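K.L.:
Below you'll find the structure I mean.
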Amino acid sequence: MRQEIDYIGRSASVGASKTEPQTDQPWWQRAVIYEIAAISFQDSNGDGIGDLPGLRRRLDYLRWLGVDAIWLTPIYRSPMLDLGYDISDFRNTDPRFGSMEDFDRLVDDIHSHGMRVILDFVPNHTSDQHPWFVESRSSKQNCKRNWYVWADPAPNGGPPNNWTSRFGGSAWQYEPNTNQYYYHAFLVQQPDLNWRNPEVREEMAGILRFWMARGVDGFRMDASAVLAEDELMRDDPPNPTADENTPPPEHLKRVFTDDRPESMTYIEELRSVIDTFEERVLAGEVQGKTDRIGHFYGGERPRLHLPLNFALLDSPWDALSLQASIDAYFNAIPAGAWPTWVIGGHDKRRIASKIGQAQARNLAVLLLTLRGTPFLFAGDELGAEQVNIPSDRIRDPFEKLVPGHGLNRDPQRAPMRWDCSETGGFTSGEPWLPMSDADRAPNVQDAQADPLSLLALYRALIKLRKEHSTLIAGDFRPRRSRNDIITYERVDADASIMVALNLIDEPRLLEWNGSGVLLLSTGLDRDLDTVIGPLLLRPNEGVIIALK
Ligand code: GLC
């Protein structure tokens, strides 16, 4: 860890930036947030499924890495048809993951490690096994009937309208028992709750209170844009950009089921529940493109604290495209809104497979030096790539229902690799999904032993953020990207810090006249000394420089 020791000493002498974290920002603006699918993190009982006691055993690693908060994908009771996003009891853990006592112990331990915990909150739908739905489907007179979205057949007996499920086919499922259809934005086994019903809204608010009272620090709201559907049930229009290669669920534009004004009102209500507790956060998944992200922050009434932004994941990987994607995002959020940056997740292909290991180092710098809250997915800090899943091991319903379009999400959900053994230190049993290749894939043990690893770079960057509050709170000031180098500054009253990343595999000249102190190079192998521009960057190299 040569550079690390070096850089701690030198950064203290640079005096370019405050070393104390800024206290007037809420914790979720300063935090690095680390997403964990418990099922794939650490197994403790040999059943091949990660669990809460296993996760507890790995908290020292997370503290060592320096992340501030953990977001857990659903750990609630569930038939597990969709990674636990099909919930049959919102107020209980699934026994596969552990008991409520295990959960309480985990929360206590996370807090005593100086970290926070955010739970996934899935308000749009339940499992069809949820007692509410079992009642709802039983008869038209049942008191839970109106908790879900039921509609009469069209005059020809078919589905009420043309809405399609995101997982393929009609979004309506016929129930012969009561001669009506129920609506499901996702799986048939995930009926949508009826958010127009105040009883449903009150129940979901109670669930938030239940977990906050148990100590959780906030939520990541699943599918927040799709809570409400058009009351007139108007048909969706064709998607003009769809062709024969477009996955069938995308052949219509979801105008009347996505992003409806009523959904925004319901998000505001949920936010007001969050705000009755101190220091809690509401992050949220917002479907769609960058240009729609702005209104998820809200106007007179606040909505989400942290609408998740996938611009870095979706952008083509060259300096001009990235410069434009970053700019488009900053343009799309309201003045004063706090940005977010996401580089991985349980629904997203591993970005290291797209941009390669060398550029994954520049991605780490972007994530941790752009203005906004960074989100990474367990394994991203190792450079985890897509894992090959043989067809007989596929678990993701999306791939089963819409095959052949590369939509399988299992390759990014493969278990965490802690060492180079066959089952990676993840389990003593048979892992629920195939593991990455023991010989070639990165693992925590080896990466911790290598002072130049990507993991070491993540750790150094997280430390650097904590030592230079400019990197957290400073303004973002773009510079003009040239010569395949993306470059920008973070600026406040105390310091100007320049970031410059060479996005190609050849040396490139950083045209800049000035001097500064090198805080970090992505190689972790340069002397951290005074540098004078212009500066020749090596292939794929990124640098962070405190300007004089
Ligand atoms: C969200 C989740 C995704 C899940 C879907 C249905 O988009 O992120 O994993 O399949 O909701 O719950």
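The values are calculated or read from the model by the stated rules, or taken from the named source; none is laboratory data. Keep in mind the model is a prediction, meaning the values are calculated, not measured. All Cβ positions, glycine included, derive from the backbone under ideal geometry; neighbour counts span all protein chains shown. Surface accessibility is based on the protein's heavy atoms, side chains included, excluding ligands, DNA and RNA. Shrake-Rupley method; radii C 1.70, N 1.55, O 1.52, S 1.80 Å.
K.L.:
By its C-alpha gyration tensor, with a ≥ b ≥ c as the square roots of the eigenvalues, how is segment 318-453 shaped: rounded for a/c under 1.5, else prolate for a/b larger than b/c, else oblate? Don't jump to the answer; show the numbers that get you there.
P.N.:
Numbers: a/c = 2.33, a/b = 1.44, b/c = 1.62.
Judged from the Cα gyration tensor, segment 318-453 comes out oblate (a/c at least 1.5, b/c at or above a/b).
K.L.:
Classify segment 207-258: rounded, prolate or oblate, from the alpha-carbon gyration tensor (a ≥ b ≥ c, eigenvalue square roots; a/c under 1.5 rounded; otherwise prolate if a/b is larger than b/c)?
P.N.:
Details: a/c = 5.83, a/b = 2.30, b/c = 2.53.
Oblate, because a/c is 1.5 or more while a/b does not exceed b/c.
K.L.:
Could you count how many Lys pairs in the chain have their Cα atoms under 29 Å apart, skipping same-chain pairs fewer than 8 positions apart?
P.N.:
Within the chain, the lysine pair count is 17.
K.L.:
Separate question: Hey, with R₀ at 35 Å, roughly what FRET efficiency would R477 and D109 work out to, going by the Cβ-Cβ distance, to 0.05?
P.N.:
Computed FRET efficiency for R477 and D109 comes out at 0.30.
K.L.:
Rounded if a/c is under 1.5, else prolate if a/b beats b/c, else oblate: with a ≥ b ≥ c from the C-alpha gyration tensor eigenvalues square-rooted, which is segment 233-352?
P.N.:
Details: a/c = 1.94, a/b = 1.20, b/c = 1.61.
Judged from the Cα gyration tensor, segment 233-352 comes out oblate (a/c at least 1.5, b/c at or above a/b).
K.L.:
Enter the accessible area per residue of segment 393-548 (Å², integer; probe 1.4 Å; all protein chains in place). All intermediate terms of the calculation are to be shown ahead of the outcome.
P.N.:
Details: 6310 Å² over 156 residues.
That works out to 40 Å² for each residue.
K.L.:
If you don't mind, another one. Report the calculated FRET efficiency for R214 and K253 (r = Cβ-Cβ distance, R0 = 30 Å), to the nearest 0.05. Don't skip to the answer; put the middle values down first.
P.N.:
Values: r = 40 Å, r/R0 = 1.35.
So the FRET efficiency works out to roughly 0.15.
K.L.:
Taking every DSSP beta bridge with both residues inside the chain, roughly what % is antiparallel (nearest 5)?
P.N.:
Working: 41 of 65 bridges.
Antiparallel: roughly 65 percent of the beta bridges in the chain.
K.L.:
How much of the accessible area of the chain, probe 1.4 Å, is carbon plus sulfur, in whole percent? Don't skip to the end; give the middle numbers.
P.N.:
Numbers: 10370 of 21260 Å².
That share works out to 49 percent.
K.L.:
With each label point set 7 Å from Cα along the Cα-Cβ vector, what nm distance links W27 and M233?
P.N.:
4.6
K.L.:
Explain nothing, just the number: dipole magnitude of the chain about its Cα centre with +1 on each Lys and Arg Cβ and -1 on each Asp and Glu Cβ, in debye rounded to the nearest 20. Could the numbers behind the result be given before it?
P.N.:
Working: 59 positive and 80 negative charges, 172 e Å.
Dipole magnitude for the chain comes out near 820 debye.
K.L.:
Let me ask another. Would you kindly calculate the mean projected area, averaged across all directions, of the convex hull enclosing the Cα atoms of the chain, in square nanometres? Don't skip to the answer; put the middle values down first.
P.N.:
Details: hull surface 100.6 nm².
Value for the chain: 25.2 nm².
K.L.:
Could you tell me how many cubic angstrom of Cα convex hull volume segment 135-209 has per residue?
P.N.:
Values: hull volume 7.5 nm³, N = 75.
In segment 135-209, the Cα hull volume divided by residue count equals 100 Å³.
K.L.:
On the principal axes of its Cα set, how long, how wide and how thick is segment 139-287? Give whole Å, largest value first.
P.N.:
52, 42, 24
K.L.:
Given 0.36 nm per residue, what is the gain on full extension from S391 to L509 after removing their alpha carbon distance, in nm? Present the calculation step by step, with values, prior to reporting the outcome.
P.N.:
Values: separation 118, 0.36 × 118 = 42.48 nm, distance 4.65 nm.
Between S391 and L509, full extension yields 37.8 nm more.
K.L.:
Once R0 is set to 56 Å, what does the formula 1/(1 + (r/R0)^6) return for the Cβ-Cβ distance between H405 and E269, expressed as a FRET efficiency to the nearest 0.05?
P.N.:
On the way: r = 36 Å, r/R0 = 0.64.
Once the sixth-power term is evaluated, E becomes 0.95.
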